[in-house]
Amino acid sequence: MQYISLLLLVYPAAYQPGEACAAAGEEEGGTSSSPAAALILCRACGHELADGTDIHNVQSRMALSIRNDTSIGSRRVNVQLFENPHGHQFEVITFRKSDVTLHWPADKHFSWFPGFSWTLATCPRCGTHLGWAFQPSDWPDIVTKNRFEESEHTFLALITHRLLREDFASSLLMIPKSFKS
């Protein structure tokens, strides 16, 4: 996985933001064995964050735009565009769960999802900011990781261009001709 990260750093044109979780099942005649179960990785280090079945579409009326995308194989997911108070825009996909580190306390101000508090979510391996975790606003500012993960009222909004599908990353690797039979 370190090779993939290095490749993307050396050849950034090989990666386009719209391809953050781009479908790469085209290698086998346009289909993938289980597109919905595709692994989602941290783009910076390759850490396994989630799989396609962890996507949980939570729409917000605060989104600047919402588009349907087939980012995860043939499954349609909502990609929402948000802007923070500093004017930075982020496209996100919402997940039910993900292997991220959460940084409490949660903040009730400037939430993109009314009725929810947010906290930062980072990669547990490299520390890259991947997005935000949302919990009900009436919860305490600090909760246990178990309570967050076990609740049906919590979700994560991960930034699309900081994610990468494992099969897309694998398609970037080339096998030397001397290894092919």
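Brief remarks on what is shown
- Selection of the stretch 116-131 for residues being in contact with a Phe, Trp or Tyr (Cβ under 8 Å, 6 or more places away or on another chain) and either among the β-branched types (Val, Ile, Thr) or at pLDDT below 95 (or both) yields only Thr119.
- All positions within the stretch 122-181 that are among the aromatic types (Phe, Trp, Tyr), surrounded by 15 or more Cβ atoms within 10 Å (Cβ to Cβ) and out of contact with any helix residue (DSSP H, G or I) (no Cβ under 9 Å at 6 or more places or on another chain): Trp132, Phe134, Phe148, Phe155
- Residue in the stretch 58-77 that is farther than 25 Å from Val143 by Cβ, modelled with pLDDT under 95, surrounded by 20 or more Cβ atoms within 10 Å (Cβ to Cβ) and not aliphatic (A, V, I, L, M) present: yes
- Within the stretch 40-57, the only residue that satisfies the criterion of being more than 11 Å from Leu158 (Cβ to Cβ), crowded, with 18+ Cβ neighbours inside 10 Å and among the charged types (D, E, K, R) is Asp51.
- Residue among Phe90, Phe113, Phe134, Phe148 that is at pLDDT 95 or above, of a type in the set (A, V, I, L, M, F, W, C), more than 18 Å from Asp51 (Cβ to Cβ) and part of a helix (DSSP H, G or I): Phe148
- Within the stretch 15-53, the set of residues being outside any loop (DSSP other than H, G, I, E, B) and either among the hydrophobic types (A, V, I, L, M, F, W, C) or at pLDDT 95 or above (or both) comprises Ala36, Ala37, Leu39, Ile40, Leu41, Cys42, Glu48, Leu49, Ala50.
- For Ala106, the conditions (1) at pLDDT 95 or above; (2) in a loop (DSSP other than H, G, I, E, B); (3) farther than 20 Å from Ala169 by Cα; (4) among the aliphatic types (A, V, I, L, M) are fulfilled apart from (2).
- Some residue of the stretch 124-146 being within 30 Å of Ser170 (Cα to Cα) and hydroxyl-bearing (Ser, Thr, Tyr): yes
- Hits in the stretch 151-181 - residues which are at pLDDT 95 or above and part of a helix (DSSP H, G or I): Thr160, His161, Arg162
The values are calculated or read from the model by the stated rules, or taken from the named source; none is laboratory data. The model shown is predicted, which means the values in this text are computed figures rather than measured ones. Reconstructed Cβ throughout: ideal geometry from the backbone, glycine too, with neighbour counts over all protein chains shown.
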